[in-house]
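Data first, discussion second: the structure below is written as structure tokens.
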Amino acid sequence: SRGHLVSGTQKFIWIEAALVNTLGTRALQNIFLFSSRFSRIRQTVGGGAGMNGIELKSSHYNLIDYIKTVNNGSSGLHLTSSTFNRFYGIRSYSNGAEGIHLASSSNGNSMANTISSSNGSAGIYVTGTSNGNTFAAVTTNSNLVNGLWATSSSFGNFFHNAAVVNNTNYGLALVLSSDYTTVSQLAISDASATEMNLGALYTKFTGNIITG
């Protein structure tokens, strides 16, 4: 099935649920919001989906807080062409690909108090011209590729107060024209390759940057 909970063009939805696939055919997503606005997902667990635990597509101005996504086949939290959403208290663990993935012009989103760890690819992955997103008070650790990763012309993103520890490839990767990124108050250590891969232009570092 497409998902346990699927919306299309609805507004003002409120979701609180525990949605975990354990037996039989797995849903592709536990929650799939398509073209949804002004909705809220809170205190929700999404686990064991065939693809993404929670996915927003062409959805805007939603609030998602205190959710946990774990053991999903692809991303824990996935945004496609979704803008100006607010996320708080996200926990994303042990997913097959990224813990958190913003793709296809997912612009102007903000995320705070977030932990993304032990995922099969990146902790937080920003790609496909996803611009102007803010990540504050985030921890990415023990992911199998990069901790924080912005690529494919994703401009003007802001990472503040981030702890990036023990990721397999790079701790911080800003590549492929992901220019004008700002990084503030960063602690980064124990990446297997190097702590940072800075292949983008006009990156700005402010505050304390601690490596080692």
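The values are calculated or read from the model by the stated rules, or taken from the named source; none is laboratory data. From a predicted model like this one, the values you see are computed outputs, not experimental measurements. Don't worry about glycine lacking a Cβ; one is built from the backbone with ideal geometry, like all the others, and counts go over all protein chains shown. Remember, those area values only see protein heavy atoms, side chains included, never the ligands or the DNA or RNA. Shrake-Rupley method; radii C 1.70, N 1.55, O 1.52, S 1.80 Å.
A few comments on the model shown:
- For the residues 130, 121, 152, the requirement of being at pLDDT below 95 and touching a Leu at 6+ places or on another chain (Cβ under 7 Å) singles out 152.
- Selection status of residue 181, touching a residue at least 12 places away in the same chain (Cβ under 8 Å), of a type outside the set (A, V, I, L, M) and on the phi > 0 side of the Ramachandran plot: no
- Any hit, segment 160-167, residues being open to solvent by 10 Å² or more (accessible area, probe 1.4 Å) and β-branched (Val, Ile, Thr): yes
- Count of segment 14-44 residues, restricted to those that are surrounded by fewer than 16 Cβ atoms within 10 Å (Cβ to Cβ) and either of a type outside the set (A, V, I, L, M) or at pLDDT 90 or above (or both), is 10.
- Looking across segment 141-198, the residues that are hydrophobic (A, V, I, L, M, F, W, C), within 19 Å of residue 129 (Cβ to Cβ) and in a loop (DSSP other than H, G, I, E, B) come down to 155, 175, 176.
- Contact map, segment 65-84: first residue in contact (Cβ under 8 Å) with a residue 60 or more places away in the chain and closer than 16 Å to residue 121 by Cβ, second residue of a type in the set (Asp, Glu) and crowded, with 24+ Cβ neighbours inside 10 Å, Cβ cut-off under 8 Å, separation 6 or more or different chains; the map is empty.
- Selection of segment 55-67 for residues being under 12 Å from residue 17 (Cα atoms) and open to solvent by less than 40 Å² (accessible area, probe 1.4 Å) yields only 67.
- Looking only at segment 149-190, residues that are within 11 Å of residue 117 (Cα to Cα) and in contact with a strand residue (DSSP E or B) (Cβ under 6 Å, 6 or more places away or on another chain) come to 3 in all.
- Residue identified as without any contact (Cβ under 8 Å) to a residue 40 or more places away in the chain and open to solvent by less than 60 Å² (accessible area, probe 1.4 Å) among 194, 140, 151: 151
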